[in-house]
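Asker: Structure incoming, see below.
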Amino acid sequence: MRIDILTLFPEMFTGPLSESMIKRARERGLLDLRVHDIRDYTRDKHRTADDRPFGGGPGMVLKPEPIFECVEAAVPKGTPLVYMTPQGRPLTQAKVAELAARESFAVLCGHYEGVDERVREALVTEEISIGDYVLTGGELPAMVLVDAVVRLVPGVLGDEESARQESFAGGVLDCPHYTRPEVYRGMAVPDVLLSGHHGEIARWRREQAEARTRERRPDLADQDLTNGHS
Ligand code: 4GX
């Protein structure tokens with residue numbers, strides 16, 4: 001899978017996307033991640049990427065020219081371009097799965113008050129929000145999106161993890177987990193997990209997951225995406 005990132009702050013991506021799972025995916029050739037500095041596509045001597053809004057008001061707006069030129073020079077023709085913004089559709093695991101099934105996409109990270117509307121009209125194919133709160137830029141949202149998508153690319157996770165992730169896709173939260181010791185600071189592991197009765201253990205986990213979902217995420221519980229399974 002190829003992912004192109006367009007940003008004014010390319011250094012932000014070096015840490016998080018060069019560790020752990022994403023690092024291994026890149027090393028193994030499963031992920032071709034390319035980060036482009038929008039400022040490299042400016043043509044004036046001050047490398048100006050933003051300007052004041054027409055009509056007045058606070059803040060700055062990303063200029064169209066460097067973004068158009070970056071897309072045209074660095075991203076293959078026809079590649080979908082996602083714009084990260086609080087005005088976008090809320091990100092869901094279903095959307096993550098849809099993106100993971102594509103061979104490539106690009107992500108534009110806005111800053112300041114956003115991008116010139118002509119970029120959205122002419123270049124952006126979909127707008128995605130990672131939640132109802134306001135960050136300083138689209139870089140962290142882009143990293144969240146890439147991380148969620150890349151872990152669904154075949155071969156990135158081991159078998160165990162791949163099986164586990166189906167649980168949330170089914171709309172139910174995870175059950176509690178325990179490891180040794182059996183008692184820690186007076187807190188004991190539930191007996192059923194030590195019983196060796198696999199049927200009872202599976203039932204306990206399912207009940208715990210359902211109770212948590214009802215209590216913490218009644219919105220998910222009501223959706224019932226499981227179609228009667230699990
Ligand atoms: N989920 N941000 C975008 C620039 C901006 C400002 C105003 C459009 C209008 C965010 C989020 C997010 C911060 C990214 C502001 N763009 N992105 N940026 N929440 O908060 O995706």
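Asker: More than 9 Å from the ligand (Cβ to nearest atom) and closer than 30 Å to Gln223 by Cα: which single residue out of Glu121, Glu127, Glu98 fits that description?
Answerer: Glu98
Asker: I would also like to ask the following. Take Asp51 and tell me if it is surrounded by fewer than 17 Cβ atoms within 10 Å (Cβ to Cβ), touching a residue at least 12 places away in the same chain (Cβ under 8 Å) and closer than 28 Å to Tyr133 by Cα.
Answerer: Answer is yes for this residue.
Asker: Only one residue in Pro58, Pro76, Pro80 is out of contact with any helix residue (DSSP H, G or I) (no Cβ under 8 Å at 6 or more places or on another chain), within 14 Å of the ligand (Cβ to nearest atom) and either in contact (Cβ under 8 Å) with a residue 24 or more places away in the chain or not aliphatic (A, V, I, L, M) (or both), so which one is that?
Answerer: Being out of contact with any helix residue (DSSP H, G or I) (no Cβ under 8 Å at 6 or more places or on another chain), within 14 Å of the ligand (Cβ to nearest atom) and either in contact (Cβ under 8 Å) with a residue 24 or more places away in the chain or not aliphatic (A, V, I, L, M) (or both) holds for just one of Pro58, Pro76, Pro80, which is Pro58.
Asker: Okay, next question. Looking at this structure, is Gly55 in a loop (DSSP other than H, G, I, E, B), among the small types (Gly, Ala, Ser) and within 22 Å of Val153 (Cβ to Cβ)?
Answerer: No: the conditions fail for Gly55.
Asker: Can you list residue pairs whose Cβ atoms sit under 6 Å apart, with the first residue in the range 129-150 being among the acidic types (Asp, Glu) and the second being part of a loop (DSSP other than H, G, I, E, B)? Count only pairs 6 or more apart in sequence or on different chains.
Answerer: That search, which allows pairs on different chains as well, returns Glu139/Phe9.
Asker: Looking only at the range 149-158, decide whether some residue is within 14 Å of the ligand (Cβ to nearest atom) and either closer than 23 Å to Gly59 by Cα or assigned to a helix (DSSP H, G or I) (or both).
Answerer: No - not one qualifying residue is present in the range 149-158.
Asker: Across the range 159-216, which residue is nearest to Glu27 (Cα to Cα) among those that are in contact with a Leu (Cβ under 7 Å, 6 or more places away or on another chain), of a type outside the set (Ser, Thr, Tyr) and part of a helix (DSSP H, G or I)?
Answerer: Top of the filtered list is Ala209.
Asker: Restricting the search to the range 144-196, which residues are of a type in the set (Phe, Trp, Tyr) and at pLDDT below 95?
Answerer: Within the range 144-196, Phe168 is the sole residue that qualifies.
The values are calculated or read from the model by the stated rules, or taken from the named source; none is laboratory data. Keep in mind that what you see is a predicted model, and the values were worked out from it rather than measured. Here the Cβ is made from the backbone with ideal geometry for all residues, glycine too, and neighbour counts use every protein chain on show.
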